[in-house]
Amino acid sequence: CSRDWSSDVCSSDLGSLDSRFLAAAGGPGSGGNTLSVLAGGRVFVGGNFAAAGGEVRQSAAIFRDDGSVDPTFKPTITGNVTCSLVQSDGRIVIGGNFTSVNGATVGRIARLNQDGTSDTSFTTGTGASSTVNAVALQPDGRILLTGAFTTVQGISRPVLARLEANGILDTTFNPSLVFSSGSEIG
């Protein structure tokens, strides 16, 4: 092993499997679609699964740095989580093709608190009309989303939209998108 003495990492360990991390997700139609790193080496995983690490988890789980499931994070999500991001305060924005989070009807976008409860201050109304495939956080706290949707919160926003930090659609952001086929959207 050639060691970089400025860190605790052996160069032969770089790119190798960390055998201490033994996470597993599974269940009917199982699969993980997105992951986000949280403080303390914890990892959020979202997807389409019914169990994670041998415990019942509906489409979302947090794994500790040793690969065990965080027992305090237990949201119930009906549908597939395809994307996620972690905000500086630890709250997790999720997007996908889900219609319910913790028993409340949502439109494919939601924000979770660190314990998996729904963040009720994040108001997305009817949400997106179809799947949200990606979310990104801007430096000012606003959230970009893209996907197969044509409307967001009942307003025409094909493919791309921006939400204010509180989840409400930013109506000043209305890009006109042109694809390589020459067809224009927006």
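The values are calculated or read from the model by the stated rules, or taken from the named source; none is laboratory data. Only a predicted model underlies this, so the values are computations on that prediction, with no experimental measurement involved. Note that each Cβ is placed from the backbone with ideal geometry, even for glycine, and that neighbours are counted across all protein chains shown. Side chains included, ligands, DNA and RNA excluded: accessible areas come from the protein's heavy atoms. Shrake-Rupley method; radii C 1.70, N 1.55, O 1.52, S 1.80 Å.
Looking across Gly141, Gly154, one residue alone is of a type outside the set (Asp, Glu), within 13 Å of Thr124 (Cβ to Cβ), at pLDDT 95 or above and out of contact with any strand residue (DSSP E or B) (no Cβ under 6 Å at 6 or more places or on another chain). It is Gly154. Consider the stretch 89-107 and keep the residues that are in a loop (DSSP other than H, G, I, E, B) and open to solvent by 50 Å² or more (accessible area, probe 1.4 Å). The one that is nearest to Leu163 (Cα to Cα) is Arg91. From the list Asp170, Asp140, Asp115, pick out the single residue that is among the acidic types (Asp, Glu), without any contact (Cβ under 8 Å) to a residue 40 or more places away in the chain and open to solvent by 60 Å² or more (accessible area, probe 1.4 Å). Asp140 is the lone residue from the list that is among the acidic types (Asp, Glu), without any contact (Cβ under 8 Å) to a residue 40 or more places away in the chain and open to solvent by 60 Å² or more (accessible area, probe 1.4 Å). Per the conditions (1) in a strand (DSSP E or B); (2) open to solvent by 40 Å² or more (accessible area, probe 1.4 Å); (3) hydroxyl-bearing (Ser, Thr, Tyr); (4) in contact (Cβ under 8 Å) with a residue 40 or more places away in the chain, the sole criterion not satisfied by Ser36 is (2). For Ser84, indicate whether it is small (Gly, Ala, Ser), assigned to a strand (DSSP E or B) and crowded, with 19+ Cβ neighbours inside 10 Å. Answer is yes for this residue.
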